[in-house]
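**Student:** First, the structure itself, so that you have it in front of you.
The values are calculated or read from the model by the stated rules, or taken from the named source; none is laboratory data. Keep in mind that this is a model prediction, so the values were computed, not measured. Here the Cβ is made from the backbone with ideal geometry for all residues, glycine too, and neighbour counts use every protein chain on show. When the accessible area is computed, the model is the full protein with side chains, heavy atoms only, and any ligands, DNA or RNA have been set aside. Shrake-Rupley method; radii C 1.70, N 1.55, O 1.52, S 1.80 Å.
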Amino acid sequence: MTHAAHAPTAHYTSMGLDSRKMAFWAFIGSECLLFGSLISTYLVYKGRSVVGPYPHDILNIPFTSVSTFDLLMSSLMMVLALAAVQRGDMKWGKIWLFSTALLGLVFLGGQVIEFTEFVHKGLTMSTNLFGCTFFVLTGTHGAHVAVGVLWLLTLWVRALQGRLGPANAMTVEITGLYWHFVDVVWIIIFTVVYLIQ
Amino acid sequence: MADTEVREHAHPTVDVYLRVAAALVILTVLEVGVFYVPAFHGVLVPVLLVLSAAKFALVIMFYMHLKADNKFFTFLFGAPLLLAVGVMVALLFLFYGALTLRGAAGAG
Amino acid sequence: MKSWLTTTDHKRIGLLYFWTAFVFFLLGGIEALVIRLQLAQPSGHVVSAETYNQLFTMHGTTMVFLALMPLSASFFNYIVPLQIGARDVAFPRLNAFSYWVFLLGGLFLNASWFVGPLFKAGMLNVAPDGGWFGYANLTERQFSPGPNIDFWLLGLQILGISSLAAGFNFIVTILNLRAPGLKLMRLPVFTWMTLVTQFLIITAFPVITVGLVFLMFDRFFGAHFYVHGAGATPLLWQHLFWLFGHPEVYILILPAMGIVSEVLPTFARKPLFGYTVVVYSGILIGFMGWGVWSHHMFAVGLGPIADSVFAATTMLIAVPTGVKIFNWIATLWGGDIRGTTALHFAVGFIAMFIIGGLSGVSHASPPADLQQTDTYYVVAHIHYVLFGGTIMGLFAGIYYWWPKMTGRLLSEPLGKWHFWLQFIGMNVAFFPMHFIGLLGMPRRIYTYSPDLGVSDLNLVSTVGAFLIAVSLLVFIANLWRTRSRGETASNDPWGGATLEWSIPSPPPVYNFSVIPTITSRLPRWRTELHAPMQDPPATPPGPIHVPGGSWWPMVAAFGLPLMALAPLTHTLWLAFVGAGVLIVGIYGWAFEPFEV
């Protein structure tokens, strides 16, 4: 009835902040506890496996370093996408959004290869505590990456359809918040699981 | 509303994004490097924790804009983060026996 | 009918929450009555040991997750937007999603009573039976081979999603949708306590989700998170559960504290004594609630340092709680008191919560706790805080806000009968449990020997339980009578100070014809500095945009129980169907035209 008068962003809010962005930061705060519990469990059970393979037998640092680099670069693509959308440059906006999703897919592919290799070397979820904690922690992270990829591809398709523009910059920004959070979780996992053995 | 607009959209420039990315790559190279240098083995854990905390902070501050954005977002994220860290430290103490007077011998 | 299924109106969703949760509350109550019948005499034969295990597990789970939390949620939904001068919550469709997920999760859990034949067992055979805190490793497949625990762990994961979604929604609503001038330190205390509760929900629920996911992987995929033989420790479950479980206690009590903080000032005709201190105490309770979880685990033998730390934090948390109690009493002191039913329940809350709080402090001390843990003493404690506390508080809220929610006042004489029967009933039911416990009767056993010397006390307790049941029948009669013959409520039947009383009962769909501007903490009362606010006009000066309904939240919600059915029935394709439904729901939701 009144929506012709002003764009949705012009809604009065008591803190002057975007409601979706606020909800999303609260969600990220909540996710801190989710990953916090998973990482705590990994640390608490570290070194308690009674049979191998143990972390140092099996973790492939060079391979995972490449994956880590890949995810960091995807974060760069993500902020570039946001900057492009904000200044209305949808040509580069599309390119960066797609690159972000692509790097996310590469990361997931790397995880599939890693998991398959581990299973071949005899590490499954039912082998030992390292298997349980490793697969559930990195698997939960991987599931988050997969959701992010789906989300990014959706935005990319919307951009191709011409339905994503500077007016939707907040949507891209929120997607970015999710993507970067998944990235910082990996920064921690890479250190705690892979480098500190 | 005017000053909120400024606060919400005071995002870093592309130049800053690129420099942060360079810093992240260098820090990652350092992390992996430290891992392979035997001389660091004694201090590996603290060095790695500092390096990854630095990367964490860079992404949060610049890519997620917390440095320039409204401080309330920092609170929404920071309070649960501190809680999560606190829980993690407490659980490690409880499981590694530091709070049980059993010393390092009896985990759990 | 369609308008209720697709509704995104916070008031309708509040009523849906109320009726759904009330039915679950009655169900949990019936389970309690069967338990009390079984224990009325030594060597009872009403139910078998297996059924008894399911009864106490489902009683606890139902009351905590399907009755008390959603009854509070009913008030969050209905009252909070009205108290902050908003037209709806920040995300109306997310709100509808929370409700549908809650309903479906509750049905999923309770379906376990009837679907035994599908699992080659009888009816009443496959309901969860591991206790409401489902301690590992009893819950492992090796010791609980049936689908019972699967229903529990899957149902609780579904319900967690509902609470989390509502948590984000209400945090944003309260912080961002306040009317102009309604600063944080002018918020009604109920809204404040709601805010603290939501922060507890969004931080505590991920932890139990992780614990439940571990259990799920153990049971379905051969992981060893809680299997001692693999080097793991079942203690991990206890830590994860109580890391969630203790904040959960405050999730249950803080809303009731908020309700009482609204009811007492209204009926004492006095501002709440020490508003600021009450608010800060609530926040402090929320924070400290995170540092006390191991007091549930003293019997584990965590060692003297851990025991001392957690004993100290537990005793400390009694301080802000005590502060609140004194503030409530001081609010009544010298007030112009009107003895309405709502006030009776509020005062009953204070008295009963003091008893529950004191027995709580008594097991904050590890040596005393070792005597009390796992006995009926703890059962007495939890019922004084959750029944004497939360339920009394919720009933105060029901009598107080019912006219606002339905336009009709509940009968005061019937209300008084309800109150006195319930108040006497609960004390007869739960007070003897202190003695029963200290005399040595453990909890969660289906029968006991006459030699234990607790037979008479148990019979008394059972009589009390049935008195409570009678009181609830009186309440239901009151609801029924009020439907047609209740006195019609004006905008403000009680002379309340807060915004919800400035608009019609029940409020129009847009709530406020004109969004008010707030200049004081008690906007509708005359204070030394402020004249009472002008109520919004009866008819809006111009057209008001009201968001329409949506099917998508319900569609998305259906995906979750479908996915949960996949492991339960070992049917992989159901997982894909469920995920597909969820995704279709989310995309439909994201791309439909819907303006808040």
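**Student:** Go through segment C:183-199 and count every residue that is open to solvent by 10 Å² or more (accessible area, probe 1.4 Å), aliphatic (A, V, I, L, M) and in contact (Cβ under 8 Å) with a residue 40 or more places away in the chain.
**Tutor:** The total comes to 2.
**Student:** Right, something else. Count, please, the residues in segment C:399-419 that happen to be in contact with a helix residue (DSSP H, G or I) (Cβ under 8 Å, 6 or more places away or on another chain) and in a helix (DSSP H, G or I).
**Tutor:** Looking only at segment C:399-419, we keep the residues that are in contact with a helix residue (DSSP H, G or I) (Cβ under 8 Å, 6 or more places away or on another chain), and these are C:399-402, C:404-406, C:408-412, C:414-419.
Within this subset, residues satisfying the condition of being in a helix (DSSP H, G or I) are C:399-402, C:404-406, C:412, C:414-419.
Residues meeting the conditions: 14.
**Student:** Would you confirm, using the coordinates I've provided, whether C:Arg219 is open to solvent by 10 Å² or more (accessible area, probe 1.4 Å) and in a loop (DSSP other than H, G, I, E, B)?
**Tutor:** Numbers: open to solvent by 10 Å² or more (accessible area, probe 1.4 Å): yes; in a loop (DSSP other than H, G, I, E, B): no.
In short, no.
**Student:** Something else: Cβ-Cβ under 8 Å, sequence separation 6+ or interchain: first residue in segment C:88-109 and open to solvent by 10 Å² or more (accessible area, probe 1.4 Å), partner at pLDDT 95 or above and of a type in the set (Asp, Glu). Which pairs?
**Tutor:** Short answer, once both residue conditions are applied: C:Asp88/C:Asp9.
**Student:** Residues that are among the β-branched types (Val, Ile, Thr): find the helices (runs of 4 or more DSSP H) completely inside segment C:1-109 holding 3 or more of those.
**Tutor:** Ranges flagged: C:10-39, C:49-61.
**Student:** Here's a check for you: in segment C:433-451, which residue that is part of a helix (DSSP H, G or I) and open to solvent by 70 Å² or more (accessible area, probe 1.4 Å) is nearest to C:Gly130 (Cα to Cα)?
**Tutor:** Of everything passing the filter in segment C:433-451, C:Leu438 is nearest to C:Gly130 (Cα to Cα).
**Student:** Please work out if C:Pro180 is assigned by TED's automatic domain parsing to the domain that holds C:Ala73, crowded, with 24+ Cβ neighbours inside 10 Å and touching a residue at least 40 places away in the same chain (Cβ under 8 Å).
**Tutor:** On the way: assigned by TED's automatic domain parsing to the domain that holds C:Ala73: yes; crowded, with 24+ Cβ neighbours inside 10 Å: no; touching a residue at least 40 places away in the same chain (Cβ under 8 Å): yes.
Spelling it out, it is not the case that C:Pro180 is assigned by TED's automatic domain parsing to the domain that holds C:Ala73, crowded, with 24+ Cβ neighbours inside 10 Å and touching a residue at least 40 places away in the same chain (Cβ under 8 Å).
**Student:** Any residue in segment C:118-141 that is assigned by TED's automatic domain parsing to the domain that holds C:Gly229 and free of Cβ contacts under 8 Å to residues at least 60 places away in the same chain sitting within a Cβ distance under 6 Å of a residue that is open to solvent by less than 10 Å² (accessible area, probe 1.4 Å) and among the hydroxyl-bearing types (Ser, Thr, Tyr)? List the pairs, counting only those 6 or more apart or interchain.
**Tutor:** Close Cβ pairs (under 6 Å, with a partner that is open to solvent by less than 10 Å² (accessible area, probe 1.4 Å) and among the hydroxyl-bearing types (Ser, Thr, Tyr)) amount to C:Val126/C:Ser112.
**Student:** Kindly indicate whether C:Gly258 is within 14 Å of the chain's Cα centre (by Cα), crowded, with 24+ Cβ neighbours inside 10 Å and within 14 Å of chain A (Cβ to nearest Cβ).
**Tutor:** no
**Student:** Given the criteria more than 10 Å from chain B (Cβ to nearest Cβ) and either open to solvent by 10 Å² or more (accessible area, probe 1.4 Å) or among the hydrophobic types (A, V, I, L, M, F, W, C) (or both), does C:Val277 qualify?
**Tutor:** Criteria met by C:Val277.
**Student:** With C:Leu522, C:Leu582 as the choices, which residue is open to solvent by less than 80 Å² (accessible area, probe 1.4 Å) and over 30 Å from C:Leu187 (Cα atoms)?
**Tutor:** Within the list C:Leu522, C:Leu582, the selection yields C:Leu582.
**Student:** Another question, then. Under 8 Å between Cβ atoms, which residue pairs at least 6 apart in sequence (or on different chains) link something in segment A:109-136 that is under 13 Å from A:Ile58 (Cα atoms) and open to solvent by 30 Å² or more (accessible area, probe 1.4 Å) with a partner that is in a helix (DSSP H, G or I) and of a type in the set (Asp, Glu)?
**Tutor:** Hits for this filter: A:Lys121/A:Asp57.
**Student:** Has segment A:83-94 got at least one residue that is open to solvent by less than 10 Å² (accessible area, probe 1.4 Å) and over 22 Å from B:Arg19 (Cβ atoms)? Full working, then the answer.
**Tutor:** Within segment A:83-94, the first condition is being open to solvent by less than 10 Å² (accessible area, probe 1.4 Å), and the residues that meet it are A:84-85, A:93.
This time we only want the ones that are over 22 Å from B:Arg19 (Cβ atoms), so: none.
No, there is no match, as no residue in segment A:83-94 is open to solvent by less than 10 Å² (accessible area, probe 1.4 Å) and over 22 Å from B:Arg19 (Cβ atoms).
**Student:** Residues of segment C:563-579 being surrounded by fewer than 19 Cβ atoms within 10 Å (Cβ to Cβ) and not in a loop (DSSP other than H, G, I, E, B), which ones? Even if it seems obvious, please write down each step before you answer.
**Tutor:** From segment C:563-579, those surrounded by fewer than 19 Cβ atoms within 10 Å (Cβ to Cβ) are C:565, C:569-577, C:579; that's our starting set.
Of everything in segment C:563-579, those that are surrounded by fewer than 19 Cβ atoms within 10 Å (Cβ to Cβ) and not in a loop (DSSP other than H, G, I, E, B) turn out to be C:Leu565, C:Thr569, C:Leu572, C:Trp573, C:Leu574, C:Ala575, C:Phe576, C:Val577, C:Ala579.
**Student:** Right, next: For segment A:40-58, which positions are open to solvent by 10 Å² or more (accessible area, probe 1.4 Å) and either facing chain B (nearest Cβ under 10 Å) or at pLDDT 95 or above (or both)?
**Tutor:** Those that are open to solvent by 10 Å² or more (accessible area, probe 1.4 Å) and either facing chain B (nearest Cβ under 10 Å) or at pLDDT 95 or above (or both): A:Leu43, A:Lys46, A:Gly47, A:Arg48.
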